Amino acid sequence: MTLIECRAVLFDMDGVLVDSTPAVERVWTGWALEHGLAPDEVVRLGHGRPSLATIVELLPHGDHDAENLELERREIEDIADVVALPGALHLLQAIPQDRWAVVTSATRALAEVRLRAAGLPMPKHLVTSSDLQRGKPFPDPYLKGADVLGIAPADCVVAEDAPSGVRSGTAAGARVLALLTTSPVMELLSAGANWIADDLSALSIEAPGSTAALTLRVREKK
């Protein structure tokens, strides 16, 4: 087991707390086919970053805001098989509310719908693409997440599953625990992950007092 001391944890949502992969793939595959794009490439490109950034890249001359709103509508409606990932609920219940935040590339409306669908507690601190001009892989999301907690990024551990999110966390000055729920280990390590674990069930919290350091006990993937 690896012991990691920190003052707060910043969680990505999709692929870390919530398994929304089937819904994401359905929505983006349908959208890709409508625009004559390769679904696999669209899904890969969109993983872990704001939808609007992907739309702008793939449809440089399209109506970006309209397309983004339509994708959000479809994703909000497609939640039948959205579930919590292993360990997520237990871990969120074990950490004091002022010591964790959710930092996601989803919009606020979509994030709230998915968290509720997965049966997870609504975070006191939620940072979404609705709150930012620049999303992952820029450092802005995790800088904002640390700021809303009033804790320096260097004292935070980021939990991520996507290379773009890992890059965002490291660029913000945080340490990153990468989870093997959606991306290969070498992509996560190349992006700068400090540790690798299968999922949040590999983590436990020691003595999470209101002011004392949190100690994450992690069963790393070797």
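The values are calculated or read from the model by the stated rules, or taken from the named source; none is laboratory data. Note that the coordinates shown come from a computational prediction; the quantities given were computed from them, not determined experimentally. Cβ coordinates were reconstructed from backbone atoms using ideal geometry, including for glycine residues, and neighbour counts include every protein chain displayed. Heads up: the accessible areas ignore ligands, DNA and RNA and are worked out on the full protein's heavy atoms, side chains in. Shrake-Rupley method; radii C 1.70, N 1.55, O 1.52, S 1.80 Å.
For segment 171-189, enumerate the residues that are within 13 Å of K221 (Cβ to Cβ), of a type in the set (A, V, I, L, M, F, W, C) and either surrounded by 17 or more Cβ atoms within 10 Å (Cβ to Cβ) or in contact with an Asp or Glu (Cβ under 9 Å, 6 or more places away or on another chain) (or both).
The answer is L177, A178, L179, L180, L188.
Tally up the residues in segment 115-139 that are among the charged types (D, E, K, R), within 23 Å of L71 (Cα to Cα) and more than 12 Å from the chain's Cα centre (by Cα), please.
3
Name the residue, out of P60, P86, that is within 18 Å of the chain's Cα centre (by Cα) and either β-branched (V, I, T) or not in a helix (DSSP H, G or I) (or both).
The unique qualifying residue is P86.
Restricting to segment 190-212, and then to whatever is aliphatic (A, V, I, L, M) and surrounded by 15 or more Cβ atoms within 10 Å (Cβ to Cβ), can you tell me which residue is modelled with the lowest pLDDT?
Here the answer is I205.
Given V24, V42, V18, which one is of a type outside the set (D, E, K, R), on the phi < 0 side of the Ramachandran plot and either open to solvent by 30 Å² or more (accessible area, probe 1.4 Å) or in contact with a Gly (Cβ under 9 Å, 6 or more places away or on another chain) (or both)?
Exactly one of V24, V42, V18 is of a type outside the set (D, E, K, R), on the phi < 0 side of the Ramachandran plot and either open to solvent by 30 Å² or more (accessible area, probe 1.4 Å) or in contact with a Gly (Cβ under 9 Å, 6 or more places away or on another chain) (or both), namely V24.
Taking into account only those residues within segment 149-170 that are among the hydrophobic types (A, V, I, L, M, F, W, C) and surrounded by 18 or more Cβ atoms within 10 Å (Cβ to Cβ), which is nearest to W100 (Cα to Cα)?
Filtering first and then ranking leaves L149.
Can you confirm whether L126 is of a type in the set (A, V, I, L, M, F, W, C) and in contact (Cβ under 8 Å) with a residue 40 or more places away in the chain?
No: the conditions fail for L126.
For the structure I just gave you, tell me whether L85 is touching a residue at least 12 places away in the same chain (Cβ under 8 Å), touching a strand residue (DSSP E or B) at 6+ places or on another chain (Cβ under 8 Å) and more than 13 Å from V27 (Cα to Cα).
Yes: the conditions hold for L85.
I'm trying to understand the selection: among the residues of segment 103-148, which are open to solvent by 30 Å² or more (accessible area, probe 1.4 Å), farther than 20 Å from W28 by Cα and not in a loop (DSSP other than H, G, I, E, B)?
Residues satisfying the conditions are R116, D131, D140, L143, K144, D147, V148.
If only one of G62, G48 is at pLDDT below 95, on the phi > 0 side of the Ramachandran plot and not β-branched (V, I, T), which one is it?
G48
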